[in-house]
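A short worksheet on the structure shown next.
The values are calculated or read from the model by the stated rules, or taken from the named source; none is laboratory data. This structure is a prediction, so every number in the text was calculated from the model and none was measured. So basically every Cβ, Gly included, is an ideal-geometry build from the backbone, and we count neighbours across all protein chains shown.
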Amino acid sequence: MLEQMPDVVLTKLLEKLDFQSILCLRKVSAHLLNFIDDTKPGLHLTGIHIDVFPERIVLGLRDDYTKFKAQYEIHENGCSLDFNYRKNRKVLLSDMNFVDVFLRDFGIIWKLRTSILDGFCLKFSYDLIHDDCVNPIVDRIFDGIKNVLQSGVYSFKIRNFDVSVYKEKQVSELLSLVDSNVLESISIKNSNHKDSDGFKLDEISNLDQWKNAMKAEILNCILINPFQKFSHFSEATFHIRMISEEELRDLMENLRNSLSFQKFIVYINYIDKNMIEIVFGNHFVDNGRGKYWYLQTKNNGKVLKIFVYGMMICFTSVEICTVPEGYLL
């Protein structure tokens with residue numbers, strides 16, 4: 001009956017269906033499979049979120065109006081598939097591996113999508129480490145996702161790239177697939193909290209995607225000499241072990257001279273408080289929760305606000321009218 005519907009009517013019908021229903025319809029006949037793949041109904045996605053755990057994968061999709069989640073989980077008889085975590089939409093796929101089922105569905109999604117994504121997020125859980133060894137399932141899932149991303153007719157167009165992985169190579173392999181003309185922000189987290197020195201950014205920082213992005217956030221990684229790698233960003237957050245007086249002074253001057261800078265947050269394992277006052281000066285505001293400095297910049301109407309609290313130094317570009325009277329250096 002569906003095969004006999006006019007294309008216009010069938011297209012309207014498909015636009016009303018959710019992702020699970022579209023997947024089921026693709027299996028009805030070769031005609032419907034080809035029609036769905038050609039028309040790409042309803043998958044004008046704005047975001048894809050993938051969470052990987054030792055025995056389950058959670059796939060989240062969203063568009064302008066709705067959110068959808070599917071959980072692929074190991075079951076003693078195969079794969080348990082749970083749509084939107086509703087009991088009446090749970091399906092058992094006998095003799096099927098949960099990774100294979102997820103990759104199949106993700107491949108279909110990637111094939112049917114038509115829009116630029118606001119965000120793509122891939123997170124490998126810390127639980128995938130056991131006795132300091134990463135679960136071998138990580139490489140299998142990562143390679144499968146990478147192969148899907150490479151296979152699409154449309155390029156990997158996203159505005160916000162967010163990954164939590166175990167190896168720097170995994171970041172560079174995925175980031176290199178992204179359309180550098182669309183990408184705006186990059187967020188990288190090290191899933192292995194025991195290996196905080198894991199990422200050096202040497203390969204990543206040479207990619208056009210890194211050079212063209214405006215914002216960057218690197219967490220759970222202690223970086224070495226990262227300042228040149230971050231100098232072009234308008235916003236950045238990163239973590240270093242220590243900073244010399246020369247490095248701190250250079251960073252301050254670069255930000256004072258920048259016309260695009262908005263906010264930099266630097267976490268430092270060891271901060272020499274005496275050095276801080278040598279570089280920034282002893283004319284500061286202390287409100288009991290941290291110290292503030294306000295420095296003139298080359299950006300008209302803007303001031304460099306520096307806030308130091310604990311192991312954090314926050315540099316922000318603010319309007320000159322927000323500076324307390326008598327504290328602008």
For this session: From 247, 253, 277, 325, grab the single residue that is within 22 Å of residue 201 (Cα to Cα) and not β-branched (Val, Ile, Thr).
Result: 247
Exercise. Just checking, which of 173, 203, 245, 235 is within 25 Å of residue 319 (Cβ to Cβ) and outside the structural domain of residue 309 (by TED's automatic domain parsing)?
Worked result: 235
Exercise. Does residue 150 count as assigned to a helix (DSSP H, G or I), loosely packed, with under 15 Cβ neighbours inside 10 Å and polar (S, T, N, Q)?
Worked result: yes
Exercise. So residue 281 fits all but one of (1) loosely packed, with under 15 Cβ neighbours inside 10 Å; (2) on the phi < 0 side of the Ramachandran plot; (3) touching a Phe, Trp or Tyr at 6+ places or on another chain (Cβ under 9 Å); what number is the exception?
Worked result: (2)
Exercise. Out of all the residues in region 220-248, which are in a loop (DSSP other than H, G, I, E, B) and of a type in the set (Gly, Ala, Ser)?
Worked result: 231, 234, 244
Exercise. Looking at residue 199, is it at pLDDT below 95 and crowded, with 21+ Cβ neighbours inside 10 Å?
Worked result: yes
Exercise. Considering region 91-115 alone, what residues qualify as being part of a loop (DSSP other than H, G, I, E, B), buried (at least 16 other Cβ atoms within 10 Å of the Cβ) and either in contact (Cβ under 8 Å) with a residue 60 or more places away in the chain or at positive phi (or both)?
Worked result: 113
For this session: State all residues of region 76-90 that are modelled with pLDDT of 85 or more and loosely packed, with under 15 Cβ neighbours inside 10 Å; if no residue qualifies, say none.
Result: 76, 77
Exercise. How do the pairs read when you match residues in region 31-60 that are over 14 Å from residue 120 (Cα atoms) and modelled with pLDDT under 90 with residues anywhere that are surrounded by fewer than 15 Cβ atoms within 10 Å (Cβ to Cβ) and hydrophobic (A, V, I, L, M, F, W, C), using Cβ under 8 Å and keeping only pairs 6 or more apart or on different chains?
Worked result: 32/2
For this session: Inspect all residues belonging to region 249-265 and state whether any of them is surrounded by fewer than 17 Cβ atoms within 10 Å (Cβ to Cβ), on the phi > 0 side of the Ramachandran plot and not in a helix (DSSP H, G or I).
Result: no
